[in-house]
Amino acid sequence: MENVSSSGKNKPSCACGCAATPANEPRRGFLAKATTLVLGGAALGTPLIVGLISFLNPLRQKTQAGRFYRVATLEALPDDDTPLKFPIIADRKDAWTLHKNVPIGSVFLRRVGPKQIKALSVICPHAGCFIGYDAAAGGFLCPCHTAHFDLDGRREDPEDSPSPRDMDTLDGVEIRGDEIWVKYEQFQMGIAKKVVKR
Amino acid sequence: MKALCSWIESRTGLCGWLAACGAARVPGRVCLCRSLPFVLGFAFVFQAITGIFLLMRYCPSAASAWESVYWLQYEVQGGWLLRAVHHYCGQAVLVLVGVQFVVMILRGAYRAPREFVFWCVLLLGIVTLGLLLTGDLLAWDENSRSATLTRVNFLQSLPEVGGALFKLAAAGPEFGSLTLSQFTTLHALLLPAAFLVLLVLRWWFARRATTVEAAEAPAGSPYWPRQVAANLVGCLVFLTVVFALALAHGTTGDGRGVALGSPANPAEFYEAARPEWAFMGLYGMSEFKVFGGGGTVVHIFIAPSIMLCLFLLMPFTGRFKIGHVLNIVLVVVLLVGDVYLSYKIYARDDSDPLHQAAIRQSQLAAARIPVLIRHHGGIPPEGPLALLRNDPKTQGPALFKRHCATCHDWVGGAADDIKAEESSAPNLFAFGSREKIAGLLDPKQIAGDEYFGNTAFKRGKMVDFVREMFSDMEPEDLEDRNLLVMALSAEAKLPAQKVIDQKDAEQIAEGRELIVDYCTDCHQFGKSGRLGTAPELTGYASREWTVGIIANPADPRFYGKNNDRMQAYAESDDETKNLMTNREIEVLTDWLRGDWYEPEGSGQ
Ligand code: FES
């Protein structure tokens with residue numbers, strides 16, 4: 001014990017015995033400081049970088065969309081122009097879990113001609129709530145920040161609407177026999193331009 | 001003893017440090033109001049302890065987050081209390097930090113030499129908001145998922161980087177398991193660590209500031225023991241408030257503590273989703289467009305950032321008298337504005353029938369789920385939603401609204417009545433019951449709106465028959481009709497009529513013979529009569545019969561060629577071609593017939 005305290009008093013020494021003596025004073029110049037900083041940064045940075053690499057993995061992942069799905073039969077749609085909401089049934093992957101045949105989203109379908117169907121995404125372009133059909137008003141209403149849309153999905157009050165753009169139309173609609181197939185896509189929210197979300 | 005003391009002191013310096021602490025003085029008099037920082041430290045320890053115990057029972061993944069919270073809330077002894085105190089203490093921490101922040105500004109204590117103390121408190125407030133936001137998601141119930149998803153979605157509105165930021169925040173392209181584990185890490189590790197660092201720094205800076213101030217104005221009162229006692233009283237008051245809130249909903253029943261909503265459904269969006277109270281002002285600000293047509297980016301990102309910058313600069317602007325006054329005005333305006341906007345939102349939601357309906361529906365589901373889980377004996381691996389999907393009580397109304405309420409009413413004078421968009425078919429309330437059938441055999445009612453009034457059968461044979469048979473009745477005819485009603489209704493085997501059906505077994509047997517006499521000219525009943533002219537009466541309104549008529553009303557067994565407008569919901573053997581799945585029809589049928597599980601003693 002005495003040993004430690006006596007040696008600690010005058011000469012600073014290192015456990016490895018490399019005796020850092022005050023005689024080296026002049027050499028503690030810029031180079032030494034820079035080296036120390038770089039070494040320290042490298043020591044701290046290594047685990048951080050290794051972690052960050054996997055942290056950034058989500059950027060490589062894509063939303064699952066862009067395929068055609070069978071949504072409904074022609075018969076299921078009423079003859080008037082009331083829109084009906086239909087689920088898109090497909091496989092949904094949540095990280096490592098694969099859910100077979102579950103609803104992955106919904107679309108509004110509306111008949112505009114005997115064999116002509118219009119499809120609108122239920123996802124609000126504002127912040128992604130699900131828009132509902134408001135039968136009383138004869139249009140659509142988003143429950144989260146009350147954006148109103150007409151039957152074609154146009155904003156009722158473009159100046160004042162919380163939504164930056166009209167409802168997103170799904171342009172890939174195909175009639176195969178008596179079945180309605182829709183190309184399901186999601187779009188980036190909160191911006192005026194309709195950009196497919198990836 | 002002395003030797004021991006000096007040995008410890010020489011190695012650690014602890015004794016000197018303790019002595020210094022004991023000799024510390026508070027400026028001015030000992031006061032409860034000075035205990036705020038201490039109480040905040042205590043609250044952190046409280047959250048750390050309760051949080052660790054919660055974390056031991058929590059599984060952050062989409063398939064088990066809600067389930068593990070359910071387990072805590074309903075099965076673990078005292079689990080509900082643990083959740084509740086952790087929840088309310090979190091809210092109280094925000095209030096504490098807020099009060100400290102405002103008091104510092106009002107008192108001018110954010111200026112030199114306390115700038116760093118002030119910044120620490122400001123950052124503590126932000127970290128607390130982060131803790132509330134991340135903690136909210138973890139329960140993974142309808143509201144927590146939807147409300148958080150909306151807020152994270154706002155990131156997408158940032159130009160260029162939005163999409164990438166969203167993916168990073170959600171730890172994937174969609175909200176899911178990884179979002180939960182990331183939020184758990186933030187909530188239980190990173191943010192608390194930041195909170196702790198800020199607490200220590202705050203304490204450190206405050207001590208330095210006190211020393212600087214004490215040099216100018218010495219004296220004051222000793223810290224030990226009176227101020228310490230005052231601090232502990234502060235802690236007790238704090239604890240009392242937290243426990244009072246946690247126990248406000250009682251200590252028994254499913255709703256005690258903090259209610260757990262029904263589990264998040266990734267395919268749906270909760271219509272009444274709202275942020276917690278702490279964010280309501282911000283929500284109101286963007287909702288009422290305080291800054292005009294600037295849109296989301298302005299209201300959610302730019303305006304709050306500007307406010308934050310103003311706060312950060314306060315110690316400098318406050319050096320001037322006018323700046324100090326402006327700072328006070330700013331804080332008061334923001335506080336009043338926050339309260340006002342929050343109030344406006346609550347008032348708007350309160351008077352919005354759609355919003356209230358969504359809440360009611362969600363509460364019904366949330367109350368129903370524990371019942372179903374107990375009945376099932378546990379949660380199946382497919383998750384609690386699978387139980388809910390097969391539950392007639394909660395799913396029936398939704399299916400009815402979707403498929404039947406275009407034409408049919410379901411109206412019995414209760415709050416949950418379902419009105420048809422355009423009532424053009426019989427009211428299906430109390431389907432198959434004695435009252436319902438009695439009305440059908442009543443000449444005054446059968447052609448009314450409740451029955452065939454709006455259908456092609458208004459001028460049909462059945463209406464003629466009922467008018468002819470039962471218009472001017474002798475007393476014994478009346479009795480006959482009564483027996484007919486009992487017998488026909490007994491065919492339905494409704495759970496609600498089980499007792500009276502058993503009691504009236506004799507009359508029912510008589511009634512069955514009358515059915516053969518009266519009805520089998522057109523209807524088939526047992527071996528009498530034949531199919532093709534009118535619906536079969538064997539098993540009328542029974543489960544099997546009802547499933548059949550929904551599947552295909554134009555089947556010869558039902559209306560055949562006379563079918564009036566009703567769609568066939570499951571005509572084909574290929575389920576994907578049908579309007580409803582077989583399972584859905586069964587659930588709807590069970591609901592129409594009032595046939596679902598209720599725990600004993602629930603009054604149903
Ligand atoms: S999410 Fe639809 S209005 Fe905000």
Any hit, region B:251-272, residues being of a type in the set (Phe, Trp, Tyr), in contact with a strand residue (DSSP E or B) (Cβ under 7 Å, 6 or more places away or on another chain) and crowded, with 19+ Cβ neighbours inside 10 Å: yes
Selected residue (only one of B:128, B:134, B:148 is out of contact with any His (no Cβ under 7 Å at 6 or more places or on another chain), closer than 28 Å to residue B:167 by Cα, more than 16 Å from the ligand (Cβ to nearest atom) and not acidic (Asp, Glu)): B:128
Residues located in region B:153-168, provided they are assigned to a helix (DSSP H, G or I) and at the interface with chain A (Cβ under 9 Å from one of its Cβ atoms): B:153, B:154, B:155, B:156, B:157, B:162, B:163, B:164, B:166, B:167, B:168
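Condition check ((1) assigned to a loop (DSSP other than H, G, I, E, B); (2) touching a Pro at 6+ places or on another chain (Cβ under 6 Å); (3) within 14 Å of another protein chain (Cβ to nearest Cβ)) across all residues:
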position: B:226; (1), (2), (3): no, no, no
position: B:241; (1), (2), (3): no, no, no
position: B:244; (1), (2), (3): no, no, no
position: B:252; (1), (2), (3): yes, no, no
position: B:298; (1), (2), (3): no, no, yes
Subset of region A:158-175 that is more than 13 Å from chain B (Cβ to nearest Cβ) and open to solvent by 30 Å² or more (accessible area, probe 1.4 Å) - its residue that is nearest to residue A:73 (Cα to Cα): A:175
Helices (runs of 4 or more DSSP H) fully within region B:1-86 counting 3 or more residues that are over 30 Å from residue B:233 (Cα atoms) and either open to solvent by less than 60 Å² (accessible area, probe 1.4 Å) or small (Gly, Ala, Ser) (or both): B:2-12, B:65-70
Count of region B:547-566 residues which are assigned to a loop (DSSP other than H, G, I, E, B) and either surrounded by 19 or more Cβ atoms within 10 Å (Cβ to Cβ) or in contact with a strand residue (DSSP E or B) (Cβ under 6 Å, 6 or more places away or on another chain) (or both): 4
Hits in region A:94-133 - residues which are away from the ligand (no atom under 16 Å from the Cβ), within 11 Å of another protein chain (Cβ to nearest Cβ), assigned to a strand (DSSP E or B) and not charged (D, E, K, R): A:97, A:99, A:101, A:102, A:103, A:104
Unique residue being in contact (Cβ under 8 Å) with a residue 40 or more places away in the chain and on the phi > 0 side of the Ramachandran plot when the list is B:253, B:257: B:257
Hits in region B:334-382 - residues which are surrounded by fewer than 19 Cβ atoms within 10 Å (Cβ to Cβ) and assigned to a loop (DSSP other than H, G, I, E, B): B:351, B:352, B:377, B:378, B:380, B:381, B:382
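Residue-wise test of (1) over 21 Å from residue B:270 (Cβ atoms); (2) within 11 Å of the ligand (Cβ to nearest atom); (3) at pLDDT 90 or above; (4) touching a His at 6+ places or on another chain (Cβ under 9 Å).
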| residue | (1), (2), (3), (4) |
| --- | --- |
| A:136 | yes, no, no, no |
| A:151 | yes, no, yes, no |
| A:164 | yes, yes, yes, yes |
| A:167 | no, yes, yes, no |
Verdict on residue B:243 being in contact with a helix residue (DSSP H, G or I) (Cβ under 8 Å, 6 or more places away or on another chain) and open to solvent by 40 Å² or more (accessible area, probe 1.4 Å): yes
Residue count for region B:395-415, restricted to those that are in a helix (DSSP H, G or I) and either at pLDDT 90 or above or of a type in the set (A, V, I, L, M) (or both): 7
Which listed residue, of B:452, B:457, is closer than 25 Å to residue B:537 by Cβ and open to solvent by less than 40 Å² (accessible area, probe 1.4 Å): B:452
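Here is a yes/no grid of residues against (1) touching a Phe, Trp or Tyr at 6+ places or on another chain (Cβ under 8 Å); (2) farther than 30 Å from residue B:378 by Cα:
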{"site": "B:9", "(1), (2)": "no, yes"}
{"site": "B:30", "(1), (2)": "no, yes"}
{"site": "B:36", "(1), (2)": "no, yes"}
{"site": "B:40", "(1), (2)": "no, yes"}
{"site": "B:43", "(1), (2)": "yes, yes"}
{"site": "B:59", "(1), (2)": "no, no"}
{"site": "B:65", "(1), (2)": "yes, no"}
{"site": "B:68", "(1), (2)": "yes, no"}
{"site": "B:74", "(1), (2)": "yes, no"}
Where residue B:487 falls short, out of the listed (1) in contact with a Gly (Cβ under 9 Å, 6 or more places away or on another chain); (2) outside any helix (DSSP H, G or I): (2)
Residue in region B:431-448 that is open to solvent by 40 Å² or more (accessible area, probe 1.4 Å) and farther than 22 Å from residue B:479 by Cα present: no
Selection status of residue A:81, more than 13 Å from chain B (Cβ to nearest Cβ) and either free of Cβ contacts under 8 Å to residues at least 40 places away in the same chain or within 16 Å of the ligand (Cβ to nearest atom) (or both): no
Residues located in region A:138-149, provided they are part of a loop (DSSP other than H, G, I, E, B) and within 10 Å of the ligand (Cβ to nearest atom): A:142, A:143, A:144, A:145, A:146, A:147
Among the candidates B:570, B:541, residue that is touching a residue at least 40 places away in the same chain (Cβ under 8 Å), in a loop (DSSP other than H, G, I, E, B), open to solvent by less than 20 Å² (accessible area, probe 1.4 Å) and assigned by TED's automatic domain parsing to the domain that holds residue B:424: B:541
When residues of region B:311-322 are limited to those that are surrounded by 15 or more Cβ atoms within 10 Å (Cβ to Cβ) and of a type outside the set (S, T, N, Q), the one nearest to the other protein chains (Cβ to nearest Cβ): B:311
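The values are calculated or read from the model by the stated rules, or taken from the named source; none is laboratory data. Because the structure is predicted, anything quoted here is derived from the model rather than measured. Here the Cβ is made from the backbone with ideal geometry for all residues, glycine too, and neighbour counts use every protein chain on show. Areas reflect the complete protein model, heavy atoms only, side chains present, ligands, DNA and RNA absent. Shrake-Rupley method; radii C 1.70, N 1.55, O 1.52, S 1.80 Å.
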